[in-house]
Amino acid sequence: MKSKRVLREALRFWPSRMAISDGKLVAGDGGLFPQLSGLLELAQAHAKAWSEAHQLMVWGGLCALHKDAVTSVKAGQGGITKSDLDMRYLRQKYQQSLFASGSHYPRQMLRAYRHELESRSGSRQSLKPAQIGKLSLVARLQH
């Protein structure tokens, strides 16, 4: 399944506008957002009924939403919108998590995404994990 389709479908699991007024900034450009965490649980429940790719895309969505939430709280805003998401960042988090060392995702899913990336670049060369990017589980949880 193409990642664009998975992205489109996974974004439907999130509301258009999300309140973050309960958010608190923490050291190191982080933040705690209980309402956003609650929405994550709902999005994960929906994604679980679809596929592992959808579940991973929900994670990427959370990363992008969290990044936007931190920026918005710093600017004194009490909400974020799905339409303002940094889609490049979302895709980057999806890709980093998919190809992270110790990844548990099925080889078929990895191969399909790698093939999709190769098709986009017009190259038939095999992409190495170092080219795709790595991120440890600890680093993923911090972002």
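Rule-based calculations on the coordinates, nothing more; no lab input. Please read these numbers as outputs of a predicted model, since none were measured by experiment.
General remarks:
- When you restrict to C-alpha pairs under 8 Å that are six or more residues apart and normalise by the size of the range 13-129, the relative contact order lands at 25 percent.
- Cα-based shape type of the range 1-82, given that a ≥ b ≥ c are square roots of the gyration tensor eigenvalues and the cut on a/c is 1.5: prolate
- Distant-in-sequence amide H partners of GLY31 (H built 1.01 Å from N, under 5 Å): VAL26
- Lysine pairs within the range 1-130, Cα separation less than 22 Å, 8 or more sequence positions apart or different chains: 19
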